[in-house]
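One structure below.
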Amino acid sequence: MKENRERNVKNIFARVKKRVRHRAGLRRGGIVLSLLSLILLIYLAGLRLGFLPLTLTPRLRLISLVLLTLPLAFYALAYLSALFKSVDLNRATFVLDRRLGTRELTSSLLSLEEEGKDGPFLSKIRERLSRLEIDLRKAFPLRKTDLIANFGGLLTLLLVLALAFLPASLPGGRSLNSPSLLGGRGKRAGEGRTDPARGEELKGEEKSPEEEEAGLNDRERLLRKVRELREGEGVVSREGDDLLRYLEEKMGGEGLVSNSSDLSDLEEMKREEERGLAAIDDQKLRSLLEELMESEDPGRSSELVERADRRLSQMKKEGTGSAAQSGEEGDREGTEPETGESKRSEARTGEGEGDRVAEEDGESGGKSEGQEEEKGSGAGGEENGDETLSERRESSSVKEGERREGETASSPYEERPEEKSPSSQSEPRTEEGRDQDESADFDRSGGDKPGEGSAVEEKGSSQAAPPDERSLTDTSPEFSLQRLPGKTASDPSFREYLTLGVPIETGESEVEDQGERKVNVDYQKLRSIFTWKSLSEEEEKIVRRYFDGLTRSAGQ
Amino acid sequence: MITEEEVQQAQSNFQKIEESMAEVVVGQKNVINSALICLLCRGNLLLEGVPGLGKTLIVRTLASTLGLEFSRIQFTPDLMPADIVGTNIITEKRGERRFSFSEGPIFANVVLADEINRATPKTQAALLEAMEEKTVTVGNETYSLEEPFIVLATQNPIEMEGTYPLPEAQVDRFTFKEDVRYPDLEELVEIAERNTENHGLTLPESRVTGEEILQARRVVEEIPLAVELRRYVARLVMATHPSSEFAPSAVDSYVEYGASPRAALSLIRGAKAHAFLAGEYNVSLEDIEATFLPAFRHRLIFNFRGESEGIEVEKLLGEVWESVEVV
C-alpha cells in the first residue's frame with residue numbers, strides 16, 4: 001500500500017498530465033461530435049421533411065454513411081490533438097492541490113523538481129504526499145457539460161443513423177431505401193428485383209389500414225389496387241400477372257441502369273416492361289404506369305401515382321369488367337386482323353361511356369383528359385390488335401382512321417399530362433399534339449382537333465405528314481415503323497452533352513425492336529438531368545434535336 | 001546545504017520563542033507572530049495602536065527572548081538623525097585629538113522606534129538606510145549593522161497633533177504593519193494578574209542565539225513556493241492598482257496608488273516564514289492568506305474619495321482577496 005503510494009507520488013506528474021489531456025480530449029471531442037452530429041441530423045431531417053431537394057442526394061444512404069464517419073473521425077482527431085497538447089503542469093498541480101486540499105504539496109514538489117533542488121524539503125514533501133490519497137478523478141472530474149456533449153453527440157449520431165436507415169417515404173413517394181437513393185444507378189438491375197414468388201406472397205397478404213398508414217408508399221398502394229382490381233373485377237387481362245410482377249420488380253429495384261455492364265439487364269427489363277404494359281387494357285392507366293416507371297422526377301412520380309391511383313379507383317367504381325373481358329377476348333383473337341377490327345368497332349360503341357368518364361375526370365384533365373378516358377375505357381380491344389397492326393400497315397389495306405388509332409395505341413410515346421400546353425389541354429391529345437408542345441422542331445402538319453373519339457380517326461387521317469418530315473410518331477398511311485438502333489449525331493457538341501453525367505449507349509442495339517424505346521428512355525434520363533442542370537431552352541432543343549435525329553433514323 | 005535536522009531544530013527554537021513570549025504577553029498572538037515573521041524574513045514591523053496596549057512590552061520581550069541587543073528610541077519632534085545613527089565626536093587619546101564615531105541606538109539587534117511619527121521626517125528618514133540596507137552612513141563612513149537586525153516601530157493613531165505621518169517611502173520599508181488591538185475581558189484580567197502579583201513582570205531568559213536565528217532565516221529562504229502561488233501573489237499586487245484588469249471596482253473608486261513590488265516580496269517572504277512557524281515544509285495558500293493583510297494594509301494610498309469616505313483598508317483588501325481568482 002505504502003509502496004503503491006510512493007510509486008504514485010513518483011509518477012504523479014505523468015498521471016496528472018494524462019488525466020488533464022484526457023479531459024481536454026473529451027471536451028474537444030464532445031464539442032466536435034455534438035456539433036457535427038447536430039448538423040448531420042438537421043441535414044437528414046431536412047431531407048426527410050422535404051426541406052432540402054432530394055436531387056442533391058441521389059445516394060442518400062451512401063452519403064449518410066460517409067457523413068456518419070465524419071463526426072467520428074473528427075472526434076478522434078480532436079481527442080488526439082488534445083492528447084498531444086502541452087499541459088501547464090504548474091497550474092494543473094495547483095488545481096489538484098486546491099481540489100484535494102493537499103496544501104500545495106504537489107505544486108511545491110513540482111517547483112522543487114523543476115529547480116533541481118534536493119534537500120530536506122523535497123523528501124519531506126514526498127513523504128507527506130505519500131501519506132495522502134491522491135484521487136485524480138476527484139481532482140479533475142469530467143465536466144457535466146463534456147459528458148453531455150459526448151453522450152449527446154453519440155445519441156444524435158445514433159438518431160442520424162436511424163434516420164438514414166429506417167425505411168420511410170420521401171416526398172414524391174420515394175423511399176429512402178429505394179435503390180435510386182442508395183446509389184442504385186450503379187447497382188445491377190437484377191439485384192434490385194424481388195423474387196417472383198414474392199408477388200404471390202404479397203397477393204395473399206392483407207395489410208391492415210394501420211400498416212398502410214405506417215409504412216406503405218404511394219407506389220405500393222397503387223400496386224395493391226391494381227391487384228385488387230384484377231382479382232375482383234378483371235380490369236387487367238390474363239397477362240396482368242406479368243404486369244404485377246413487373247411492377248413489383250420495378251418497385252423493388254427502380255434504380256436507373258446506366259452502367260454499360262447493365263445493358264443486358266436493361267434490355268431484359270424493357271422486354272418485360274413491354275409485355276407487362278401491353279397487358280393493360282386501360283389506355284389511360286397504361287400510359288400513366290408507363291410514364292411512372294420511366295419517371296425520375298420525384299414530384300412528377302408523385303403526380304403520376306396520384307393520377308394512376310385515381311384512375312384505378314374510377315375503374316373500380318365503374319366496374320368495367322365487361323370491357324376487360326372483351327379485352328381479354330381481343331387479346332386471344334388479336335392474331336387475326338378481322339378480330340382486332342371488330343374489337344375496334346366495339347370500342348367505338350363504348351364512346352358514350354368514355355364521355356361520361358371524361359366528364360367525371362374533368363377536374364384534373366380537362367377535355368383532353370376526357371378524350372383519353374374515352375379511349376381507355378372504350379377502346380380496350382383496339383390495343384389487343386396492336387401486334388397485327390404493323391402488318392396491316394405494310395399491306396396498306398386498312399383505313400386511315402383505324403391505322404391512326406392503332407398507331408397511337410402502339411406508340412411508345414404516350415400522353416404526358418405535365419407537358420400539356422394550355423392550348424393542348426383543351427384539345428384531345430395525340431402524339432402529334434404532344435410533339436407540338438414540346439418543340440417547334442417537332443411541328444408537323446398532322447394533328448388532332450377538338451372532338452369526339454371518332455373524330456380523332458378522321459382528323460388523323462386527313463392531316464398526315466409528308467414522308468420527308470416524318471418522325472417516329474408519324475401516323476400517316478405511308479409511315480412504316482422500322483425499329484433501328486440509335487446512333488449519335490455527327491456534331492461533336494452533342495456527344496459532349498450526352499456524356500455530361502449520363503452515359504448514352506451509342507453502339508448498335510442488340511435488340512433491334514428496343515432501339516426506339518431505348519432512345520426514349522435515354523432521353524427521359526436526360527430530361528431528368530435538365531432539372532438539375534437548369535439548361536437553357538436552346539440547349540434543351542439541341543439535345544432534343546439529337547434524339548429526334550436518332551428516332552428519325554430509326555423511323556426511316 | 002541545509003539538513004533536515006537543521007530545519008527541525010530551527011522550527012523547534014522558534015516554537016520555544018513563541019511559547020516564551022506568550023508567557024509574558026497576554027494575547028496579541030498576531031503581533032507576536034508578525035514580529036517573529038519579520039525577524040525571520042529580514043524585515044521590519046510597524047505596530048499601530050493606542051498607548052498602553054503593550055507594544056513596547058512585546059518588543060522588549062522579544063528582544064529578551066532572542067538574547068539579542070535591544071535599544072529603544074523615543075521619537076520626539078526635536079530628535080535629530082544623529083541621535084539615532086550616531087555621530088563623529090572629537091576624542092583625545094594620549095594628547096592626540098581625533099574624530100571617532102559614536103554609534104547611535106540604531107546599532108543594536110532589536111530597535112524599538114517608539115512613536116515614530118512624532119519625529120520630523122528628516123529624523124524618520126535616518127532609519128531608511130538602516131531598515132533597508134542594514135547599514136548606516138555617517139559622513140564618509142558607512143557602518144554595517146549587526147545581524148540579526150530588526151526595527152519595530154510604533155505609532156499612535158489618535159494623537160495626530162504635532163505628529164509627522166510617515167512618508168510613503170518610509171512606510172513601504174516596513175514588511176508588515178500590525179494593528180495592536182485592545183485586549184478582551186479575559187485577557188485584561190490576565191494582564192492585571194501578571195503585572196500586579198509576584199513582584200510584577202519578569203522578562204524571559206534568552207532561548208536562542210543570534211546564530212540560530214540566522215540559521216532559521218536560511219531555512220525559511222529555502223522553503224519552496226509553488227509557481228502558481230507566485231503568480232497568484234503577483235495578481236494580488238496588480239489587483240490593488242486602479243485600472244488593473246484584476247482590480248475590483250472598489251479599488252478603482254478609492255485607491256490612488258496600489259501596492260509596490262516590495263509588497264509582493266514581503267508577502268512571499270512572510271508566507272514562507274509563516275509556513276516555517278507553522279511547522280510546514282512548503283508555502284500554501286493559507287500562508288499567503290494569513291500574511292496578506294499585514295503585508296498590504298500600509299501600502300495602499302487612498303484618493304480623496306477614499307479618505308473622505310473613511311474607507312477601511314481591511315475591507316478594501318478583503319474585496320481584493322475575493323476578487324482575484326486563485327486558479
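Each value in this text was obtained by applying a stated rule to the coordinates, not by laboratory testing. In this text the structure is predicted, and so the values were computed from the model without any measurement. Cβ atoms come from the backbone with ideal geometry, glycine included; neighbour counts cover every protein chain shown.
Assorted remarks:
- Interchain or long-range residues, amide H under 5 Å from B:LEU112's placed H: B:SER71, B:ARG72, B:ILE73, B:LEU152
- Listing B:TYR257, A:TYR79 from fewest to most neighbouring C-beta atoms within 10 Å gives B:TYR257, A:TYR79.
- Value of relative contact order over the stretch B:1-91, rounded to a whole percent, pairs C-alpha under 8 Å and six or more apart: 24
- Residue-by-residue Karplus 3J(HN,Hα) for the stretch B:246-253, coefficients 6.51, -1.76, 1.60, Hz, glycine and proline x: 8, 6, x, 5, 5, 5, 4, 7
- Charge tally around B:SER323: other residues with Cβ under 13 Å, Lys/Arg +1 each, Asp/Glu -1 each, net -3.
- Sequence of B:THR196, B:THR76 once ranked by neighbouring C-beta atoms within 10 Å, starting from the fewest: B:THR196, B:THR76
- Of the GluC sites (Glu not before Pro) found in the stretch B:270-327, those in coil by DSSP whose Cβ has at most 16 other Cβ atoms within 10 Å are B:GLU309, B:GLU312, B:GLU325.
- Computed from phi, the 3J(HN,Hα) profile of the stretch B:281-290 under the Karplus parametrisation 6.51, -1.76, 1.60 (θ = phi - 60°) reads 10, 7, 8, 10, 5, 5, 5, 4, 4, 5 Hz, with x in place of Gly and Pro.
- Overall Cα dimensions of the stretch B:224-327, principal axis frame, Å, largest first: 44, 23, 20
- Neighbours of A:LYS124, meaning other residues whose beta-carbon lies under 13 angstrom from its beta-carbon, give a summed charge of -2 when Lys and Arg score +1 and Asp and Glu score -1.
- Sequence-ordered 3J(HN,Hα) estimates for the stretch B:303-311 from the Karplus curve with 6.51, -1.76 and 1.60 and θ = phi - 60° stand at 7, 4, 4, x, 5, 5, 8, x, 5 Hz, glycine and proline given as x.
- Taking other residues whose beta carbon is less than 11 angstrom from the beta carbon of B:MET1, and scoring Lys, Arg as +1 and Asp, Glu as -1, yields -2.
- Among the lysines of chain B, pairs at least eight places apart or on separate chains and with Cα atoms under 25 Å apart come to 20.
- Start at zero, step by 10 Å, and the Cα-Cα distances of chain B spread as 6, 24, 32, 26, 10, 2, 1, 0 percent across the bins.
- Residues whose amide H lies under 5 Å from that of B:VAL138, counting only those 5 or more places away or on a different chain, are B:TYR143; hydrogens are built 1.01 Å from N in the peptide plane.
- Positive-end extreme of charge dipole, the stretch B:115-162 - chosen from B:VAL151, B:VAL136, B:PRO121 (charges on Cβ): B:PRO121
- Taking amide H positions as modeled 1.01 Å from N, with prolines and chain starts lacking one, the residues under 5 Å from B:SER102 and 5 or more places away or on another chain are B:THR87, B:ASN88, B:ILE89.
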